[in-house]
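Report on the structure given below.
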Amino acid sequence: GHVDASGVIQTKGRTACEINTANELVVVELVFTGILNDLSVEQCVALLSCMTYDERNKSDEGEDPAKDLKSYLSNPFYKLQETGRVVAKASIACKVELDENEFVEQFNPGMMEAVFAWCKGAKFVDVQKLTGSFEGTTIRTLRRLEELVRQLTSASKAIGNHELQKKFEQGSELIKRDIVFCSSLYL
């Protein structure tokens, strides 16, 4: 669906061209399957954090990484995992060397609760208590997340999905605040 038989870029391909902060194939599938349409702005942004939070998953082998999340966050995460499996299987079918389980395990829900709280207006110190990571990791994740949300805003505009465009614009506004986006801590 990204390119037709003649090599002409289709709508999915055009959307993928706008994304470079996260796995563009998975992001495009999230957009086109409608998963992001059914979520609130805060849920959307929290879900996308799974793709910008690059710490190793601390859960044991075979253990559910989303077991401690509330259902309004875990259900979207499971849909992300399903989407990841679809993309992995399609990649393998196209002779791309890939381990399906490793591919799906790269999506880490460890920052979802913190990002959801941040989008709801929580202070950084309170958000930090929800993570098991260092402050710099949280800030880096939020900055990369804002970049991904900005790219999704452009992608949504490029395909004419104004509803998603507005959702991502709101998401960007919710993320981009406070100490996380100060140009320098040394004034």
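The values are calculated or read from the model by the stated rules, or taken from the named source; none is laboratory data. Model, not experiment: these values are computed from the prediction. Note: ideal-geometry Cβ built from the backbone for every residue, glycine included; neighbour counts use all protein chains shown. Heavy atoms of the whole protein, side chains included, go into the accessibility calculation; ligands, DNA and RNA do not. Shrake-Rupley method; radii C 1.70, N 1.55, O 1.52, S 1.80 Å.
Overall, the anisotropy analysis places region 63-167 in the oblate class: the square-rooted eigenvalues a ≥ b ≥ c of its C-alpha gyration tensor yield a/c not less than 1.5, with a/b not exceeding b/c. The Val3 and Asn101 beta-carbon pair, evaluated with R₀ = 25 Å, returns a calculated FRET efficiency of approximately 0.35.
Counting protein heavy atoms only, the chain has 49 percent of its accessible area on carbon and sulfur, 1.4 angstrom probe. Shape class for the chain, computed from the alpha carbon gyration tensor (a ≥ b ≥ c): oblate, with a/c not under 1.5 and a/b at or below b/c.
Accessible surface computed residue by residue for the chain, with neighbouring protein chains in place and a 1.4 Å probe, gives 54 Å² per residue. Here Lys176 is the anchor, and the lysines within straight C-alpha reach of less than 27 Å, apart from those fewer than 8 places off in the same chain, are Lys70, Lys79, Lys120, Lys123, Lys129, Lys157, Lys166, Lys167.
Using the crude model of +1 on Lys and Arg Cβ and -1 on Asp and Glu Cβ, and no other charge, please compute the dipole size for the chain relative to its Cα centre, in debye to 20.
On the way: 22 positive and 28 negative charges, 130 e Å.
Dipole about the Cα centre, nearest 20: 620 debye.
Of the residues Cys94, Cys182, ranked by 1.4 Å probe accessible area with the largest first, the sequence reads Cys94, Cys182.
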